[in-house]
1. Tell me, please, whether a residue that is in contact with a His (Cβ under 6 Å, 6 or more places away or on another chain), over 19 Å from A:GLU129 (Cα atoms) and either in a helix (DSSP H, G or I) or hydroxyl-bearing (Ser, Thr, Tyr) (or both) can be found in the range A:189-201.
2. Please work out if A:TYR77 is modelled with pLDDT of 95 or more, over 16 Å from A:ASN23 (Cα atoms) and of a type in the set (Phe, Trp, Tyr).
3. Determine if the range B:106-123 includes at least one residue that is within 24 Å of B:ALA48 (Cα to Cα), surrounded by 15 or more Cβ atoms within 10 Å (Cβ to Cβ) and not hydrophobic (A, V, I, L, M, F, W, C).
4. Suppose we keep only residues that are touching a Phe, Trp or Tyr at 6+ places or on another chain (Cβ under 7 Å), part of a helix (DSSP H, G or I) and charged (D, E, K, R) within the range A:237-282. Which one would you say is nearest to B:GLY104 (Cα to Cα)?
5. Give me the pairs: first residue in the range B:63-78 and within 10 Å of chain A (Cβ to nearest Cβ) and surrounded by fewer than 18 Cβ atoms within 10 Å (Cβ to Cβ), second residue among the aromatic types (Phe, Trp, Tyr) and not in a helix (DSSP H, G or I), beta-carbon distance under 8 Å, and six or more apart or on different chains, which are they?
6. Specify the residue that is farthest from B:LYS86 (Cα to Cα); the eligible residues are those in the range B:37-52 that are among the aliphatic types (A, V, I, L, M) and within 11 Å of the chain's Cα centre (by Cα).
7. Of the residues that sit in the range A:201-255 and are at the interface with chain B (Cβ under 9 Å from one of its Cβ atoms) and of a type in the set (Phe, Trp, Tyr), which one is farthest from the chain's Cα centre (by Cα)?
8. For the list (1) modelled with pLDDT of 90 or more; (2) in a loop (DSSP other than H, G, I, E, B); (3) surrounded by 15 or more Cβ atoms within 10 Å (Cβ to Cβ), I need the number of the one condition that A:GLY107 fails.
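The values are calculated or read from the model by the stated rules, or taken from the named source; none is laboratory data. Note that the coordinates shown come from a computational prediction; the quantities given were computed from them, not determined experimentally. Because the Cβ atoms are built from the backbone with ideal geometry, glycine has one as well, and the counts that use them run over all protein chains shown.
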Amino acid sequence: MKKDIREIVARIDTLKPIPQVANKVMVVSENPQSSMSMLSEIIQYDQALTANLLKAANSAYFGLSRKVDSLHQAIVYLGMDKVVDLVVLGASSENYSQAQEGYDLAGGELWRSSVSSALIARDLAEKTEIDDTHAVFTAALVKDIGKVVLSQYVAESFEKINLLVSKHGFSFREAEKGVLGIDHAELGGMIAERWRFSGKMIDIIQHHHLPMEARFETEAAVVYLADTLCMTMGIGVGSDGLAYRFQKNVLEKMGFSDRDFQEVIAGFGEQISHVEDLINAT
Amino acid sequence: MGPLQENGTDTVKITVGVADMKVSNDPEAILVTYSLGSCIGIAVYDPAVQVAGILHFMLPDSSLDPVKAKSRPYMFADTGIPPLFKEAYKLGAKKQRMRIIVAGGAQVLDQQGFFNIGKRNHMAVRKIFWKNRAMVSHEDVGGNVNRTVKLAVKDGSCRLKVSGRGELLV
């Protein structure tokens, strides 16, 4: 490994790792045999997590007709799947509050795009044969964590990176790799590994721009598609613009039509203020 | 203080969200729409009456979902553009005096004609403007860059922030 890459990788430790309790919840949620009581057993002792979860459960995004004020109620009214998502949301936001200078994203922008992309990925996953929608949700949420570490290096070398993109036909990710020796997706995979995410999640995060190279190709394709939809809507787009490659064959393989693409955009556009509410509650 | 200074005490920032439209004749106001992606922002300004408006639409054609188009007309080009002009006319603006700026409509690389919402959004604008004989004064459309539009009501000065190119006055 080149010295510069070693320096970048060493900075992974400056991130705040996902709390243990969220890791446990993710493991439990991957097991189809697990029950609500197993889930609440893990969460209930973490007061901060429970408080965050209730705040998010009461946001306009879910449109519940009554206020939820216990973990048990949240599980009853929202269902176990959504509660797991909320645990992951509550546990992940901390690393995203800063502005990402290299990508020209103001504070909170990367979080907004990560949450949006996770919500879209979950909806898409439910329409496919994917069983483990939690892995897709979490991978979509965490996929750009590499940007948090890489931002400073992208800022330092922005002119070189931008030249490759604007004059030499590179995608932004390819230009990161070309100039810095590592790109944000690859780095994201390393971070997921350090945080002891499952092999599936590491694979999806690492290949979210190159889903056809993933072992879990369908899951990676869903996360890729959610990311492309966010870019199209201008969500989380900064100095990198929309300079990422369109993988037509991936979408064809998924049977995702042009109309489907527009319908997801219209559906998300309609609930965007509710999504904002959820983002502000997490 | 420059005409577009946002943090001055006498300016009011009016944010135009996604699938949203705002028109104003408050001389202290600056209209802003952020991060257009493949969406298109249309900024209009009539200097004679100091009326400014911005529409930020997402998709070219409301036939996709007529029900949504009813509740969220600013989501689509064909249902969003007419009210932008109508609201400006209500405040005294006239089409023949209006400056019209079109920005956005970017797309990801290698789309080769598939799903290229950005391009289709742009085509929809051209078609509607051609039918209604509206002349576009400035266009910054396409490519794979991201754009933000700011329009000052006081003097109609319009700043475009384009990823990788910085901010320019148009």
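1. no
2. Judged against the criteria, A:TYR77 is not a match.
3. So far as the range B:106-123 goes, no, none of its residues is within 24 Å of B:ALA48 (Cα to Cα), surrounded by 15 or more Cβ atoms within 10 Å (Cβ to Cβ) and not hydrophobic (A, V, I, L, M, F, W, C).
4. Looking at the filtered set, the residue picked out is A:ASP258.
5. Listed by first residue and then by second, the contacts come to B:LEU64/B:PHE76.
6. Step by step, filter the range B:37-52, then rank; the result is B:ILE40.
7. Per the stated criteria, the residue is A:PHE246.
8. So A:GLY107 meets the others, but not (3).
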